[in-house]
1. From the list (1) 1.18; (2) 0.92; (3) 0.98, can you say which value of Rg/Rh (Cα atoms, Kirkwood Rh) was derived from the structure given?
2. Ranked from highest to lowest mean number of other Cβ atoms within 10 Å per residue, what is the order of the peptides 22-28, 73-79?
3. Take each complete run of DSSP H in the chain, measure how far its Cα atoms stretch along the helix's own axis, and keep only those covering 18 Å or more with mean Kyte-Doolittle hydropathy at least -0.5; list them.
4. Compute the length gained on full extension between Ser56 and Ile28: take 0.36 nm times their separation in residues and subtract their Cα-Cα distance, giving the result in nm to one decimal.
5. Ranked highest first by the average count of other Cβ atoms within 10 Å around their residues, in what order do 80-91, 36-47 fall?
Amino acid sequence: MTTNSHYIAVREAAQILGVTEQRIMDLIAERKLQAYRIADKFLRLNKTEVLSLRNSGNVENTNVQFEYTPAEKIKDFFYFNDFYLFSGLIIAVLLYIIFYM
């Protein structure tokens, strides 16, 4: 395992391989893909391993179409950026207190 690896979610791996998320879970169970647990909560896969599996041709591509809805985009934005949004809000409040009170 290298430190410069880029880890992706199951959904992203499914999109890259053109299969369903359930098929990704099956590939993990069959040990064709290595999955990593992050914080004992998130399941991630090494992107280079997924790409090499795709290039090897060992996975049947079913051309599954994934729709990433605007609601999911907004949810992901707040989920992955909540720390920065919260920090920015605290800084803005502190600046207001310093300069206007």
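Only the coordinates and a few stated rules stand behind these numbers; no lab work does. This one's a predicted model, so the numbers in the text were calculated from it and none came from an experiment. No Cβ is skipped: glycine too gets one built from the backbone with ideal geometry, and neighbour counts run over all protein chains shown.
1. (1)
2. Going from most to least packed, we get 22-28, 73-79.
3. Qualifying helices, which must be both long enough and hydrophobic enough, are 70-100.
4. Full extension from Ser56 to Ile28 adds 8.4 nm.
5. The peptides rank, most packed first, as 36-47, 80-91.
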